1. Taking the options Glu62, Glu84, name whichever one is without any contact (Cβ under 8 Å) to a residue 24 or more places away in the chain, at negative phi and touching a Lys or Arg at 6+ places or on another chain (Cβ under 6 Å).
2. Would you point out which residue out of Leu7, Leu39, Leu47 is more than 27 Å from Ser161 (Cα to Cα), in a helix (DSSP H, G or I) and at pLDDT 95 or above?
3. Looking only at segment 35-49, filter to residues that are touching a residue at least 60 places away in the same chain (Cβ under 8 Å) and closer than 20 Å to Ile149 by Cβ; which one of those is most open to solvent (accessible area, probe 1.4 Å)?
4. So which of Asn95, Asn102 ends up being over 14 Å from the mean Cα position of the chain (by Cα), in contact (Cβ under 8 Å) with a residue 12 or more places away in the chain and not in a loop (DSSP other than H, G, I, E, B)?
5. Out of the residues in segment 72-111 that are among the polar types (S, T, N, Q) and open to solvent by 40 Å² or more (accessible area, probe 1.4 Å), state the one that is modelled with the lowest pLDDT.
6. Within the group Arg90, Arg79, which residue is basic (Lys, Arg) and either out of contact with any Asp or Glu (no Cβ under 7 Å at 6 or more places or on another chain) or over 13 Å from Gly153 (Cβ atoms) (or both)?
7. Say we look at segment 130-162 and pick out the residues that are open to solvent by 50 Å² or more (accessible area, probe 1.4 Å) and in a strand (DSSP E or B); which of these is modelled with the highest pLDDT?
Amino acid sequence: MYRGAGLLGVAAVLACLAAVTACTPDPEKPTLEAAVQQLVRDGDELLASYELKQVGEAKVTERAEKDQTGSCVPGEVQRFFRAEGDIVGRHAAFNAAGLIQNRLALMGYDEFVDDLDLRDQNLAVAVARDPATDVTYVVTVQLAQKPNIRIVGKTACYESSG
């Protein structure tokens, strides 16, 4: 029951995030190409960061190669950067997610969701958004499953070119 409640909370946060980021107009946002470059550069930096290496490691599973509809309205697309890995040693989920979120803050990302109601020893979510590029990263650390670190970065939605 407790684990299911935590997963339900994570799902609620992600649903809210998708709704907010999909509908937030920003007339000065970069092009999709520029946003993808930032998304991949930041994802690579995050994976190579001291903070992540302190708690575990993760490898890229998707590097924003193709347009996806994600949470976009029809006629729009976005790109995703995904990585997953595992905690190394004994770390509480909230400590691991907090360290990764600290790295995102150092990279210019703002905390987007305060997950105080969701975090515990076994589950934590960190969501951060770069206000200049509208790139968002969601970090989930869940010790009850493998892989237990999941990092998903995404661009805002852009009008489809094809």
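The values are calculated or read from the model by the stated rules, or taken from the named source; none is laboratory data. Here the structure is a predicted model, which means the values were calculated and not measured. In this analysis, Cβ positions are derived from the backbone assuming ideal geometry, glycine residues included, and neighbour counts consider all displayed protein chains. The accessibility values were calculated without ligands, DNA or RNA, using every heavy atom of the protein model including side chains. Shrake-Rupley method; radii C 1.70, N 1.55, O 1.52, S 1.80 Å.
1. Values: Glu84 fails: without any contact (Cβ under 8 Å) to a residue 24 or more places away in the chain.
Selected residue: Glu62, the only one of Glu62, Glu84 that is without any contact (Cβ under 8 Å) to a residue 24 or more places away in the chain, at negative phi and touching a Lys or Arg at 6+ places or on another chain (Cβ under 6 Å).
2. Details: Leu7 fails: at pLDDT 95 or above; Leu39 fails: more than 27 Å from Ser161 (Cα to Cα).
Answer to the selection: Leu47.
3. Here is the first cut: in segment 35-49, the ones touching a residue at least 60 places away in the same chain (Cβ under 8 Å) are 35-36, 38-39, 42-43, 45-47.
Add one more test, that the residue is closer than 20 Å to Ile149 by Cβ, and what stays is 39, 42-43, 45-47.
Numbers: Leu39: 0, Asp42: 8, Gly43: 1, Glu45: 79, Leu46: 2, Leu47: 26 Å².
Here the residue is Glu45.
4. Values: Asn102 fails: over 14 Å from the mean Cα position of the chain (by Cα).
Residue meeting the stated conditions: Asn95.
5. At the first step, the residues of segment 72-111 found to be among the polar types (S, T, N, Q) are 78, 95, 101-102.
Keeping just the survivors that are open to solvent by 40 Å² or more (accessible area, probe 1.4 Å) gives 95, 102.
Working: Asn95: 88, Asn102: 93.
Ranking the qualifying residues of segment 72-111, first place goes to Asn95.
6. Numbers: Arg79 fails: either out of contact with any Asp or Glu (no Cβ under 7 Å at 6 or more places or on another chain) or over 13 Å from Gly153 (Cβ atoms) (or both).
Exactly one of Arg90, Arg79 is basic (Lys, Arg) and either out of contact with any Asp or Glu (no Cβ under 7 Å at 6 or more places or on another chain) or over 13 Å from Gly153 (Cβ atoms) (or both), namely Arg90.
7. Residues of segment 130-162 open to solvent by 50 Å² or more (accessible area, probe 1.4 Å): 131-132, 143-146, 150, 159, 161-162.
Restricting the remaining residues to those that are in a strand (DSSP E or B) gives 150, 159.
On the way: Arg150: 97, Glu159: 94.
Among those residues, the one meeting the criterion is Arg150.
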